[in-house]
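Notes follow the structure.
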Amino acid sequence: MNLFERNSHLNFLLVRAGSTDLDDQGRITGSLDMPLSPTGEREAHETSVELDSFEIDAIFSASCLAAQQTAQLLSRNGEIRVRVEESWVNLNHGLWHGKSIEELKEKQPKLYRQWQENPESVCPPGGETVDDVRSRVTSVLKRIGKKFNGGTVALVAPEPLFSIIRSEIDDSKLGSLLLPKADRWEEVEFERKPVA
């Protein structure tokens with residue numbers, strides 16, 4: 001899928017929002033709107049220092065508080081405008097919200113394993129599917145592609161929204177959406193191939 005029809009080269013900095021108290025406890029945060037924990041504040045600050053050398057043209061943030069707080073730290077004291085994308089709400093995990101990942105693994109091992117191996121095939125009880133989130137992500141990415149003809153754009157989101165955004169940009173397969181990820185940010189270059 002070519003999301004960025006006009007662009008010949010667009011550089012993305014994908015930034016994971018700093019952690020919340022639930023993240024620190026190994027619990028599922030999903031679409032619950034929580035601020036950064038002290039650990040998350042430190043993570044976001046360290047990420048902003050690591051990305052200081054990048055020339056960022058714009059920052060787009062998921063709508064949750066943790067993502068917005070992380071994006072503000074990246075904005076270099078407001079020098080770079082942060083655009084909050086209200087439609088970028090994290091995956092609604094329904095009845096799984098607040099549950100520990102270990103509890104889910106223990107009490108629903110088959111569903112947990114399916115979620116790890118093929119998250120697109122699972123809808124958490126009372127929640128939404130990955131495809132529901134994917135459609136929200138795609139519409140924003142297309143808008144970004146129309147607005148920016150090159151340059152560097154930072155996208156800030158919590159997991160699993162981060163992984164869904166990444167898979168849409170580089171057309172990669174989704175992996176585990178519940179296990180914590182080590183890298184707080186990654187650079188993805190999008191280069192449009194000429195149509196033959």
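Bridging of residue 142 to aspartates and glutamates at a Cα separation below 18 Å is possible for 5, 57, 85, 86, 131, 132, 168, 170, 171, 189, 191, once same-chain residues fewer than 8 apart are set aside. In the chain, inverting the average of 1/r over every pair of distinct C-alpha atoms gives 17.1 Å as the Kirkwood radius. The peptide list 155-167, 108-120, put in order of mean Cβ contacts within 10 Å with the highest first, becomes 155-167, 108-120.
For residue 173, the aspartates and glutamates whose Cα comes closer than 12 Å to its Cα, not counting residues fewer than 8 places off in the same chain, are 117, 120. The phi torsions of region 128-139, fed into the Karplus equation with coefficients 6.51, -1.76 and 1.60 and a -60° offset, translate into couplings of 9, 8, 4, 4, 4, 5, 4, 5, 5, 5, 4, 5 Hz, rounded to whole numbers, with Gly and Pro shown as x. Helix-derived [θ] at 222 nm for the chain: sum -39500 (n - 2.57) over DSSP H runs of at least 4, divide by residue count, nearest 500? That comes out to -10500 deg cm²/dmol. For residue 83, the residues 5 or more places off, or on other chains, whose built amide H falls under 5 Å of its own are 59, 60, 61. Using a cutoff of 8 angstrom between alpha carbon atoms and counting only pairs six or more residues apart, the relative contact order for region 7-160 works out to 38 percent.
Bear in mind that the values in this text are calculations on the coordinates, not laboratory data. Only a predicted model underlies this, so the values are computations on that prediction, with no experimental measurement involved. Here the Cβ is made from the backbone with ideal geometry for all residues, glycine too, and neighbour counts use every protein chain on show.
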